[in-house]
Each structure stands twice: as C-alpha cells, then as structure tokens.
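Beneath this line is the structure, given in structure tokens, with notes to follow.
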Amino acid sequence: MASANGVVFEDYFPAMVEKLGADGFMQELYNGFRLLVDEEKGVITFESLKKNSALLGLQDMSDDEVRCMLREGDVDGDGALNEMEFCTLMFRLSPDLMKSSRKLFLEALVNDF
C-alpha cells in the first residue's frame, strides 16, 4: 500500500488488532507515537520524525516526503502531529482497519466499562 507521498508499507494493522485486541493495539499506536515524538513539544515534528525515521526503516525519506507525511495527518494545521492526529492517520492508512474501526471502538468501550 502506498500513502499519498509514495511511501509503501505492508498493512499489518488488521493482524495486530486480531492478535492484541483493541486495547493492545491502541497501546501499540501510543508506543509508536512516543517513539517519534519531540519530547520537549509533546508532538511529532518535522525534526523528530526526520531524526527517528530510521527506527521505522524510513531513513531514506527526503525532507519533502517527511513534510508530506506530516501534512497528511495534520488536522489542526500546526505543522505537527499530536497523539490523536497520529492515531487517526494510522487508521486512515489502513483500509482494512477502517472497515473494522466501529467494531474496535465498541470493543474498547465494553472493556473500559
């Protein structure tokens, strides 16, 4: 699968949800966010994404590709990704996960109450 910036990745999210459940998967997304975040600002910035992209196997991404990736998920227009924007982007990049997102949401609600 390719995102708008041309980066190709295998969609492992549905298998992860199957194995980890909704809560476990959301924890993994949170861990991914923490891996990429600028610790001082609390968001994923161009600099933090560029610096940590090697952890994702994306060390060869150009600056334009990194900027495009940020723009793709930046809902509030601040040039960075907060945790919600990051998670939303991850869901959007996984068509199979989007199909089952309602089920995941309901499962998470049931487990929390």
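The values are calculated or read from the model by the stated rules, or taken from the named source; none is laboratory data. As the structure is a computational prediction, the values presented were derived from the model and not from experiment. For neighbour counting, all protein chains shown are included, and Cβ atoms are generated from backbone atoms with ideal geometry for every residue, glycine included. Accessible surface areas use protein heavy atoms only, side chains included; no ligands, DNA or RNA. Shrake-Rupley method; radii C 1.70, N 1.55, O 1.52, S 1.80 Å.
What to note about this one:
- Some residue of the range 79-87 being surrounded by fewer than 15 Cβ atoms within 10 Å (Cβ to Cβ), assigned to a loop (DSSP other than H, G, I, E, B) and modelled with pLDDT of 90 or more: yes
- Any hit, the range 49-56, residues being open to solvent by 70 Å² or more (accessible area, probe 1.4 Å), modelled with pLDDT under 85 and part of a helix (DSSP H, G or I): yes
- Tally, over the range 59-71, of residues that are open to solvent by less than 40 Å² (accessible area, probe 1.4 Å) and within 15 Å of Leu89 (Cβ to Cβ): 3
- For Glu107, the conditions (1) surrounded by 13 or more Cβ atoms within 10 Å (Cβ to Cβ); (2) charged (D, E, K, R); (3) at pLDDT 90 or above all hold with the exception of (3).
- Contacts under 9 angstrom Cβ, first residue in the range 12-36 being without any contact (Cβ under 8 Å) to a residue 40 or more places away in the chain, partner loosely packed, with under 13 Cβ neighbours inside 10 Å, 6 or more apart: Met16/Gly24; Leu20/Gln27; Leu35/Leu55
- Check on Ala15, at pLDDT below 85, part of a helix (DSSP H, G or I) and crowded, with 16+ Cβ neighbours inside 10 Å: no
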